[in-house]
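The values are calculated or read from the model by the stated rules, or taken from the named source; none is laboratory data. The shown structure was predicted, so the numbers you read here are calculated from the model rather than taken from an experiment. We place every Cβ from the backbone using ideal geometry, glycine too, and count neighbours over all the protein chains shown.
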Amino acid sequence: MNASSISKVPADRPVHPLTIALLAAVKDACQKLGTRFVLAGATARDIQFLHLHGVKAPTATRDVDVAVCAVSWEFHQRLIVELLATGQFTHNAKAQQQLLFRREPGEYGVQLDLVPFGPIETPPGAIAWPPNGDIVMNVLGFEEAVETAQQVDIGEGLVVPVVAIPAFVLLKIMAWQDRRNEKNTDASDLLFTLRQFFFAGNDVRVYDEAMDLLEACEFKVEIAAAGLLGRDAREMAHPQTREAVGRILQTPGTYAALKADLVARAATFMFGEFVDDSDDLLDAFRTQFLFGSSAS
(Lines give C-alpha, C1' and ligand atoms only; values in the text may rest on other atoms or scores of the structure.)
Protein backbone atom coordinates (compact mmCIF):
# COMPACT_ATOMS: atom_id res chain seq x y z
CA MET A 1 0.00 0.00 0.00
CA ASN A 2 1.31 3.40 -0.96
CA ALA A 3 1.52 5.62 2.12
CA SER A 4 0.56 8.63 0.00
CA SER A 5 -2.84 7.03 -0.67
CA ILE A 6 -3.65 6.90 3.04
CA SER A 7 -5.62 9.76 4.60
CA LYS A 8 -4.81 10.55 8.21
CA VAL A 9 -7.14 11.79 10.92
CA PRO A 10 -5.53 14.89 12.49
CA ALA A 11 -4.64 14.88 16.17
CA ASP A 12 -7.05 17.72 16.96
CA ARG A 13 -10.09 15.75 15.72
CA PRO A 14 -9.38 12.26 17.09
CA VAL A 15 -11.49 9.14 16.70
CA HIS A 16 -12.67 7.75 20.05
CA PRO A 17 -10.17 5.24 21.50
CA LEU A 18 -12.91 2.61 21.94
CA THR A 19 -13.75 2.81 18.25
CA ILE A 20 -10.07 2.42 17.36
CA ALA A 21 -9.73 -0.61 19.64
CA LEU A 22 -12.87 -2.22 18.22
CA LEU A 23 -11.75 -1.76 14.63
CA ALA A 24 -8.28 -3.07 15.45
CA ALA A 25 -9.90 -6.29 16.65
CA VAL A 26 -12.09 -6.50 13.54
CA LYS A 27 -9.14 -5.89 11.23
CA ASP A 28 -7.06 -8.54 12.99
CA ALA A 29 -9.87 -11.12 12.75
CA CYS A 30 -10.49 -10.38 9.07
CA GLN A 31 -6.78 -10.66 8.30
CA LYS A 32 -6.63 -14.04 10.03
CA LEU A 33 -9.50 -15.28 7.86
CA GLY A 34 -8.20 -13.60 4.71
CA THR A 35 -11.32 -11.60 3.99
CA ARG A 36 -12.12 -8.00 3.08
CA PHE A 37 -14.11 -5.55 5.17
CA VAL A 38 -15.16 -1.92 5.09
CA LEU A 39 -16.28 0.52 7.76
CA ALA A 40 -19.74 1.83 6.85
CA GLY A 41 -22.61 3.61 8.59
CA ALA A 42 -22.52 6.70 10.77
CA THR A 43 -19.01 6.09 12.10
CA ALA A 44 -17.70 6.13 8.54
CA ARG A 45 -19.72 9.30 7.91
CA ASP A 46 -18.09 10.95 10.92
CA ILE A 47 -14.60 9.95 9.80
CA GLN A 48 -15.17 11.26 6.27
CA PHE A 49 -16.71 14.55 7.36
CA LEU A 50 -15.87 15.41 10.98
CA HIS A 51 -12.52 13.78 11.64
CA LEU A 52 -10.96 14.37 8.21
CA HIS A 53 -12.57 17.71 7.31
CA GLY A 54 -14.04 19.25 10.46
CA VAL A 55 -17.66 19.08 9.24
CA LYS A 56 -19.88 17.98 12.13
CA ALA A 57 -23.02 15.94 11.50
CA PRO A 58 -26.22 16.95 13.33
CA THR A 59 -26.52 13.50 14.92
CA ALA A 60 -23.83 11.61 16.81
CA THR A 61 -23.29 7.87 17.16
CA ARG A 62 -21.06 5.40 18.95
CA ASP A 63 -22.30 2.38 16.99
CA VAL A 64 -19.94 0.85 14.44
CA ASP A 65 -21.17 -0.77 11.20
CA VAL A 66 -18.80 -3.09 9.36
CA ALA A 67 -19.49 -4.99 6.14
CA VAL A 68 -17.49 -8.19 5.71
CA CYS A 69 -17.12 -10.31 2.59
CA ALA A 70 -18.22 -13.88 3.44
CA VAL A 71 -18.20 -17.00 1.28
CA SER A 72 -20.73 -18.81 3.48
CA TRP A 73 -22.64 -18.55 6.74
CA GLU A 74 -20.13 -20.98 8.25
CA PHE A 75 -17.36 -18.55 7.31
CA HIS A 76 -19.28 -15.65 8.85
CA GLN A 77 -19.69 -17.66 12.04
CA ARG A 78 -15.92 -18.24 12.12
CA LEU A 79 -15.44 -14.47 12.10
CA ILE A 80 -17.81 -14.09 15.04
CA VAL A 81 -15.97 -16.86 16.92
CA GLU A 82 -12.66 -15.05 16.29
CA LEU A 83 -14.07 -11.84 17.74
CA LEU A 84 -15.66 -13.55 20.75
CA ALA A 85 -12.36 -15.31 21.46
CA THR A 86 -10.72 -11.95 22.19
CA GLY A 87 -12.81 -11.72 25.34
CA GLN A 88 -13.81 -8.18 24.40
CA PHE A 89 -17.01 -8.98 22.52
CA THR A 90 -20.34 -10.42 23.64
CA HIS A 91 -23.17 -11.55 21.38
CA ASN A 92 -26.58 -9.86 21.29
CA ALA A 93 -28.99 -12.79 21.49
CA LYS A 94 -31.80 -10.66 20.04
CA ALA A 95 -29.92 -9.49 16.94
CA GLN A 96 -27.72 -11.90 15.00
CA GLN A 97 -25.60 -9.19 13.41
CA GLN A 98 -24.78 -7.35 16.64
CA LEU A 99 -21.89 -7.73 19.04
CA LEU A 100 -21.06 -5.52 22.02
CA PHE A 101 -17.43 -4.46 22.49
CA ARG A 102 -15.81 -3.67 25.84
CA ARG A 103 -12.08 -3.48 26.53
CA GLU A 104 -12.62 -3.93 30.27
CA PRO A 105 -15.53 -5.35 32.34
CA GLY A 106 -17.90 -2.59 33.37
CA GLU A 107 -16.66 -0.25 30.65
CA TYR A 108 -19.12 1.51 28.38
CA GLY A 109 -19.89 -0.79 25.45
CA VAL A 110 -19.83 0.00 21.74
CA GLN A 111 -22.26 -1.81 19.45
CA LEU A 112 -20.80 -3.53 16.39
CA ASP A 113 -23.11 -4.42 13.51
CA LEU A 114 -21.55 -7.04 11.20
CA VAL A 115 -23.15 -7.26 7.76
CA PRO A 116 -21.99 -10.12 5.52
CA PHE A 117 -22.07 -9.80 1.74
CA GLY A 118 -20.43 -11.39 -1.30
CA PRO A 119 -20.72 -15.08 -2.27
CA ILE A 120 -23.07 -15.54 0.69
CA GLU A 121 -25.77 -13.57 -1.16
CA THR A 122 -28.82 -15.53 -2.35
CA PRO A 123 -30.07 -14.09 -4.62
CA PRO A 124 -27.33 -11.59 -5.55
CA GLY A 125 -27.85 -8.36 -3.64
CA ALA A 126 -29.60 -9.93 -0.65
CA ILE A 127 -28.83 -12.13 2.34
CA ALA A 128 -31.27 -14.33 4.27
CA TRP A 129 -30.32 -14.74 7.92
CA PRO A 130 -30.22 -18.28 9.28
CA PRO A 131 -31.64 -20.48 10.58
CA ASN A 132 -34.90 -20.01 8.68
CA GLY A 133 -33.92 -17.42 6.10
CA ASP A 134 -37.06 -15.46 6.92
CA ILE A 135 -35.18 -12.22 7.68
CA VAL A 136 -33.90 -10.84 4.38
CA MET A 137 -31.53 -7.87 4.12
CA ASN A 138 -30.64 -5.85 1.04
CA VAL A 139 -26.84 -5.65 0.64
CA LEU A 140 -26.63 -3.95 -2.76
CA GLY A 141 -23.78 -1.46 -2.78
CA PHE A 142 -21.52 -3.17 -0.26
CA GLU A 143 -19.33 -4.70 -2.96
CA GLU A 144 -18.76 -1.21 -4.37
CA ALA A 145 -18.11 0.06 -0.85
CA VAL A 146 -15.25 -2.42 -0.38
CA GLU A 147 -13.82 -1.93 -3.87
CA THR A 148 -13.66 1.86 -3.57
CA ALA A 149 -12.95 2.20 0.16
CA GLN A 150 -10.65 4.99 1.30
CA GLN A 151 -7.74 3.86 3.47
CA VAL A 152 -7.66 6.04 6.59
CA ASP A 153 -5.22 6.15 9.49
CA ILE A 154 -7.75 6.66 12.28
CA GLY A 155 -5.16 6.91 15.05
CA GLU A 156 -2.65 4.78 16.96
CA GLY A 157 -1.22 3.74 13.59
CA LEU A 158 -4.37 1.80 12.65
CA VAL A 159 -5.31 2.03 8.96
CA VAL A 160 -8.79 0.82 8.05
CA PRO A 161 -10.90 0.91 4.86
CA VAL A 162 -13.65 3.51 5.19
CA VAL A 163 -16.58 3.71 2.79
CA ALA A 164 -16.10 6.48 0.23
CA ILE A 165 -18.77 9.18 0.24
CA PRO A 166 -20.36 8.20 -3.12
CA ALA A 167 -20.72 4.58 -1.94
CA PHE A 168 -22.10 5.84 1.38
CA VAL A 169 -24.84 7.69 -0.52
CA LEU A 170 -25.74 4.58 -2.52
CA LEU A 171 -26.06 2.59 0.70
CA LYS A 172 -28.15 5.32 2.33
CA ILE A 173 -30.62 5.51 -0.55
CA MET A 174 -31.09 1.74 -0.47
CA ALA A 175 -31.39 1.76 3.33
CA TRP A 176 -33.96 4.58 3.22
CA GLN A 177 -36.17 2.50 0.95
CA ASP A 178 -35.83 -0.64 3.06
CA ARG A 179 -36.46 0.86 6.50
CA ARG A 180 -38.15 4.19 5.97
CA ASN A 181 -40.99 3.26 8.32
CA GLU A 182 -38.63 1.96 11.02
CA LYS A 183 -35.78 4.47 11.07
CA ASN A 184 -35.55 8.11 9.97
CA THR A 185 -31.79 8.63 10.21
CA ASP A 186 -31.15 7.55 6.60
CA ALA A 187 -32.88 10.65 5.21
CA SER A 188 -30.92 12.81 7.66
CA ASP A 189 -27.63 11.24 6.63
CA LEU A 190 -28.47 11.61 2.96
CA LEU A 191 -29.36 15.29 3.25
CA PHE A 192 -26.29 16.01 5.35
CA THR A 193 -24.05 14.31 2.78
CA LEU A 194 -25.59 16.12 -0.18
CA ARG A 195 -25.33 19.46 1.59
CA GLN A 196 -21.78 19.05 2.88
CA PHE A 197 -20.05 17.15 0.05
CA PHE A 198 -18.44 20.37 -1.21
CA PHE A 199 -16.82 20.94 2.19
CA ALA A 200 -15.45 17.38 2.50
CA GLY A 201 -12.40 18.00 0.35
CA ASN A 202 -14.27 18.53 -2.92
CA ASP A 203 -14.07 22.30 -3.32
CA VAL A 204 -11.25 22.18 -5.87
CA ARG A 205 -12.89 19.29 -7.74
CA VAL A 206 -16.11 21.23 -8.17
CA TYR A 207 -14.30 24.07 -9.94
CA ASP A 208 -12.02 21.76 -11.92
CA GLU A 209 -14.53 19.08 -12.95
CA ALA A 210 -18.01 20.56 -12.66
CA MET A 211 -17.97 24.04 -14.18
CA ASP A 212 -21.04 23.07 -16.23
CA LEU A 213 -22.92 22.27 -13.03
CA LEU A 214 -21.80 25.52 -11.39
CA GLU A 215 -23.04 27.54 -14.34
CA ALA A 216 -26.35 25.67 -14.42
CA CYS A 217 -27.08 26.47 -10.76
CA GLU A 218 -25.78 30.05 -10.79
CA PHE A 219 -22.61 29.07 -8.91
CA LYS A 220 -24.31 27.66 -5.83
CA VAL A 221 -21.41 25.45 -4.85
CA GLU A 222 -23.37 23.05 -2.63
CA ILE A 223 -25.84 22.32 -5.45
CA ALA A 224 -23.07 21.80 -7.99
CA ALA A 225 -21.25 19.51 -5.56
CA ALA A 226 -24.40 17.42 -5.10
CA GLY A 227 -24.49 16.98 -8.87
CA LEU A 228 -20.83 15.97 -8.88
CA LEU A 229 -21.62 13.45 -6.16
CA GLY A 230 -24.32 12.03 -8.43
CA ARG A 231 -21.75 11.57 -11.18
CA ASP A 232 -19.34 9.91 -8.75
CA ALA A 233 -22.02 7.54 -7.50
CA ARG A 234 -23.10 6.65 -11.04
CA GLU A 235 -19.54 5.85 -12.04
CA MET A 236 -18.99 3.74 -8.93
CA ALA A 237 -22.23 1.74 -8.96
CA HIS A 238 -22.39 -1.75 -10.40
CA PRO A 239 -25.22 -2.30 -12.94
CA GLN A 240 -27.56 -3.98 -10.43
CA THR A 241 -27.03 -1.24 -7.85
CA ARG A 242 -27.37 1.50 -10.46
CA GLU A 243 -30.65 0.00 -11.61
CA ALA A 244 -32.02 -0.32 -8.07
CA VAL A 245 -31.08 3.24 -7.07
CA GLY A 246 -32.27 4.55 -10.43
CA ARG A 247 -35.64 2.91 -9.85
CA ILE A 248 -36.01 4.77 -6.55
CA LEU A 249 -35.09 8.08 -8.18
CA GLN A 250 -37.32 7.54 -11.23
CA THR A 251 -40.49 6.16 -9.62
CA PRO A 252 -42.67 9.26 -9.05
CA GLY A 253 -44.28 8.17 -5.78
CA THR A 254 -41.04 6.89 -4.26
CA TYR A 255 -39.05 9.95 -5.30
CA ALA A 256 -41.75 12.25 -3.90
CA ALA A 257 -41.58 10.38 -0.58
CA LEU A 258 -37.80 10.73 -0.52
CA LYS A 259 -38.09 14.45 -1.22
CA ALA A 260 -40.66 14.84 1.55
CA ASP A 261 -38.44 13.04 4.04
CA LEU A 262 -35.48 15.25 3.16
CA VAL A 263 -37.56 18.40 3.59
CA ALA A 264 -38.70 17.14 6.99
CA ARG A 265 -35.12 16.43 8.04
CA ALA A 266 -33.94 19.81 6.69
CA ALA A 267 -36.12 21.59 9.23
CA THR A 268 -34.44 19.73 12.10
CA PHE A 269 -30.95 20.69 10.91
CA MET A 270 -31.43 24.43 11.16
CA PHE A 271 -30.64 26.25 14.39
CA GLY A 272 -31.50 29.61 12.87
CA GLU A 273 -33.39 30.48 9.71
CA PHE A 274 -34.82 27.48 7.85
CA VAL A 275 -33.13 26.92 4.50
CA ASP A 276 -35.10 24.69 2.15
CA ASP A 277 -32.42 23.56 -0.28
CA SER A 278 -33.20 19.86 -0.05
CA ASP A 279 -35.17 19.66 -3.32
CA ASP A 280 -32.41 21.40 -5.28
CA LEU A 281 -29.72 19.20 -3.75
CA LEU A 282 -31.59 15.98 -4.42
CA ASP A 283 -32.62 17.03 -7.94
CA ALA A 284 -28.99 17.85 -8.78
CA PHE A 285 -27.84 14.47 -7.53
CA ARG A 286 -30.68 12.65 -9.30
CA THR A 287 -30.10 14.30 -12.67
CA GLN A 288 -26.41 13.49 -12.74
CA PHE A 289 -26.87 9.97 -11.38
CA LEU A 290 -29.49 9.12 -13.99
CA PHE A 291 -28.32 11.10 -16.99
CA GLY A 292 -24.90 12.60 -16.28
CA SER A 293 -21.58 11.58 -17.72
CA SER A 294 -19.93 8.67 -15.91
CA ALA A 295 -16.53 10.21 -16.48
CA SER A 296 -15.16 13.61 -15.61
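Residues being farther than 20 Å from Asp28 by Cα and either in contact with a Gly (Cβ under 7 Å, 6 or more places away or on another chain) or modelled with pLDDT of 95 or more (or both) are entirely absent from region 82-95. When restricted to residues that are among the aliphatic types (A, V, I, L, M) and touching a His at 6+ places or on another chain (Cβ under 8 Å), region 172-205 contains 1. Taken over region 88-105, the criterion of being in contact (Cβ under 8 Å) with a residue 12 or more places away in the chain and not in a loop (DSSP other than H, G, I, E, B) is satisfied by Phe89, Thr90, Gln98, Leu99, Leu100, Phe101. Could you say which residue among Leu262, Leu290, Leu282 is modelled with pLDDT under 95 and assigned to a helix (DSSP H, G or I)? The conditions single out Leu262.
Taking helices (runs of 4 or more DSSP H) that do not extend beyond region 1-87, which have at least 3 residues that are without any contact (Cβ under 8 Å) to a residue 12 or more places away in the chain and closer than 26 Å to Val139 by Cβ?
Filter on region 1-87 gives 73-84.
When Leu171, Leu194, Leu190 are screened for being in contact with a strand residue (DSSP E or B) (Cβ under 7 Å, 6 or more places away or on another chain), touching a residue at least 24 places away in the same chain (Cβ under 8 Å), buried (at least 22 other Cβ atoms within 10 Å of the Cβ) and of a type in the set (A, V, I, L, M), only Leu171 passes.
Between Lys32, Lys27, Lys56, the distinction of being buried (at least 17 other Cβ atoms within 10 Å of the Cβ), of a type in the set (Lys, Arg) and more than 16 Å from Ser7 (Cβ to Cβ) belongs to Lys27 only. When Phe219 is tested against the conditions (1) farther than 22 Å from Gly246 by Cβ; (2) part of a helix (DSSP H, G or I), the lone failure is (2).
Looking only at residues of region 28-60 that are among the hydroxyl-bearing types (Ser, Thr, Tyr) and in contact with a strand residue (DSSP E or B) (Cβ under 9 Å, 6 or more places away or on another chain), we find that the one that is farthest from Leu262 (Cα to Cα) is Thr35.
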